[in-house]
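Data first, discussion second: the structure below is written as structure tokens.
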Amino acid sequence: MNLVEQLKQDMITAMKNKEKEKLTVIRMIKAALDKERIDKKVEVNDDLLIDVVNKQIKMRNDSIEEFKKANRNDLVEKVEDEVKILMNYLPEQLSLEEVENIIQEALKSLEATSMKDMGKVMQEVSPKLKGRFDMKKVSEIIKAKLN
């Protein structure tokens, strides 16, 4: 079962089981997915779903930081629960060690030695890591290795 089908099944299950929080998050994903489909004029597929979910997680992580600064622990917990639901629609996450191995292989194969090669390395590792690890952290790791 692909991720889009899983999303539809989970929506039906959440409705039947009266899981309000989960249903709200799934509907939000579906709305964002439909918006992307219309804006980009593309078919809904797993890659588009992964992009949408990653954007939603990033937005929520930013919100968590702001809520922590404002000492709003009630909202922090709510948003963290939403992130947990969103994580169900991403491929299996890679460990830091696995990511570093993939980056190291790319550095060797491209013979990257300076920051000028950053774009090439990101282009090489992005398809392997997209949706499976935070790309901002990937960028930081590559910068550290190239400096």
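The values are calculated or read from the model by the stated rules, or taken from the named source; none is laboratory data. The structure displayed is predicted, hence computed values, not measured ones. With ideal geometry, Cβ positions are generated from the backbone for all residues, glycine too; neighbour counts draw on all protein chains shown.
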For ASP34, are the conditions met, namely being more than 19 Å from the chain's Cα centre (by Cα) and either outside the structural domain of SER126 (by TED's automatic domain parsing) or closer than 24 Å to VAL4 by Cβ (or both)?
no
I'd like to verify a number: residues in segment 28-58 that are within 24 Å of GLN93 (Cβ to Cβ) and either in a helix (DSSP H, G or I) or modelled with pLDDT of 95 or more (or both), how many?
19
Is there any pair linking a residue in segment 128-145 that is touching a residue at least 40 places away in the same chain (Cβ under 8 Å) to one that is of a type in the set (A, V, I, L, M, F, W, C), with Cβ under 6 Å and at least six apart or on different chains, and which?
GLY131/ILE50; GLY131/LEU90; ARG132/LEU94; PHE133/LEU94; PHE133/VAL99; ILE141/ILE103
Under the condition of being free of Cβ contacts under 8 Å to residues at least 12 places away in the same chain and not in a helix (DSSP H, G or I), which residue from segment 88-122 is nearest to ASN54 (Cα to Cα)?
SER95
Taking GLY131 and the conditions (1) loosely packed, with under 12 Cβ neighbours inside 10 Å; (2) assigned to a loop (DSSP other than H, G, I, E, B); (3) not hydrophobic (A, V, I, L, M, F, W, C), which numbered condition does it fall short on, given that it satisfies the others?
(1)
Report yes if some residue within segment 65-82 is among the β-branched types (Val, Ile, Thr), out of contact with any Lys or Arg (no Cβ under 9 Å at 6 or more places or on another chain) and assigned to a helix (DSSP H, G or I); otherwise report no.
no
